[in-house]
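Bear in mind these aren't lab numbers, they're just calculated from the coordinates by the rules spelled out. These figures come from a predicted structure and were not determined experimentally. For neighbour counting, all protein chains shown are included, and Cβ atoms are generated from backbone atoms with ideal geometry for every residue, glycine included.
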Amino acid sequence: MALLKHIAEEVLGRDKAVLLWKRIDVIGDIAVIKKPMHGEVSIEDLRLVAGELLKRLPHVRSVWLALGPVGGVYKVRQNLVHLAGERRTSTVYREHGAVFLVDISKVFITPRLSYEHLRVARLVKPGETVVNMFAGVGIFSIIIALKSRPSKVYSIDINPEAHRLMVENIRLNRVERVVEPLLGDSARVVSESLRGVADRILMPLPDLALDYIKYALEALGGRGWLHVYLHVDYEKGKGHLRRACELVKSRVEERGWRLIKSNARVVRSVGPKLLQVVVDAEVERYG
Ligand SMILES: C[S@@+](CC[C@H](N)C(=O)[O-])C[C@H]1O[C@@H](n2cnc3c(N)ncnc32)[C@H](O)[C@@H]1O
């Protein structure tokens, strides 16, 4: 991070660099710059920074500008513009000793969830069955399989390209016996084949997580853990964390389940005063 800041400051000066350097992600050998939200950073400025990134970061071979945020059902970066280096969008991304084939133009991928992937993996107890309802290319699922000792991780995604890469990633990381890739809408997959199987459910898609709690509860066997990712407005004094827990509690109770305990933490900032938070909730069916 410090080097990215330094490079941006050298090329553009402090005033422009401040708009930019936190918006650079390095994914494998590809750097992606998210278009600055404010200020006067031109495409020529961005090409200068891109050229310097190629020179100064020897592992970076390709630099892209993302004009829009991730979007659509598949949560893919939209409107990518090539800035410098190889005109390539697929790469090998490494995290916590695992390797992942990814394509920044076809699947969701961010290095900003790296801490969260490991944090959740460490919560998984030996023998647990985990359902990952929004698995992408399988990062949470594979890191759980490598770092903990689950008996099974069902890993669902609706994007055929994410599913294809997940199948490859499972094989590359040699976790075929633990991680089962499933293609489709997780509501349908759970209702048709995963009722009552799970001890823990991951819901890393803020757009759908609250509405899909009813399917997550179907997948649980009477008691277990939900990890629900949400976007909430920042409130002073951690009001946002309290509110996130309350949102989950009311959805759980609506379905005739009890919230035994919950804890929320900020995962990352996703916009001005908008946070991604995760609620870890232990729940139990009444009766
Ligand atoms: C934010 S990404 C998941 C990120 C991934 N867990 C990671 O850590 O890299 C959300 C994923 O949910 C998938 N998705 C969207 N709607 C879905 C649905 N109804 N059922 C299953 N997957 C869905 C998208 O294709 C996308 O890959």
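Key figures
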quantity: Amide H contacts under 5 Å for Ala198, placed H, 5+ residues apart; calculated: Leu220, Gly221
quantity: Relative contact order of the stretch 2-88, pairs being alpha-carbon contacts under 8 Å that are 6 or more residues apart, as %; calculated: 25
quantity: Highest to lowest packing among 218-225, 254-261, scored as the average C-beta count within 10 Å; calculated: 218-225, 254-261
quantity: Distance between the stretch 191-225 and the stretch 57-81 - C-alpha centres, whole angstrom; calculated: 30
quantity: The stretch 154-287: relative contact order as a whole-number percent, Cα under 8 Å and 6+ apart; calculated: 21
quantity: Calculated FRET value between Asp185 and Val70, using beta carbons and R₀ = 25 Å, to 0.05; calculated: 0.85
quantity: Cβ crowding within 10 Å averaged over residues, with 265-274, 49-58, 73-82 ranked highest first; calculated: 49-58, 73-82, 265-274
quantity: Straight-distance crosslink candidates among lysines, where the alpha carbon sits under 18 Å from Lys152 and sequence neighbours closer than 8 are dropped; calculated: Lys125
quantity: Ascending count of other beta-carbon atoms within 10 Å, so fewest first, for Glu235, Glu192; calculated: Glu192, Glu235
quantity: For the stretch 110-234, the fraction of alpha-carbon pairs in successive 10 Å shells from zero, as %; calculated: 14, 50, 33, 3, 0
quantity: Antiparallel DSSP beta bridges within the stretch 2-88, as percent of all bridges there, nearest 5; calculated: 70
quantity: Lysines whose Cα lies under 20 Å from that of Lys273, excluding same-chain neighbours fewer than 8 positions away; calculated: Lys22, Lys34, Lys35, Lys236, Lys238
quantity: Relative packing of peptides 135-147, 4-16 - highest average C-beta neighbours within 10 Å first; calculated: 135-147, 4-16
quantity: Residues Ile27, Ile109, sorted so that the one with the fewest Cβ neighbours within 10 Å comes first; calculated: Ile27, Ile109
quantity: The chain, relative contact order in percent, only Cα pairs under 8 angstrom and at least six apart counted; calculated: 11
quantity: Antiparallel DSSP beta bridges within the stretch 109-285, as percent of all bridges there, nearest 5; calculated: 60
quantity: Trp64 long-range amide H proximity, modeled H, under 5 Å; calculated: Ala31, Val32, Ile33, Leu83
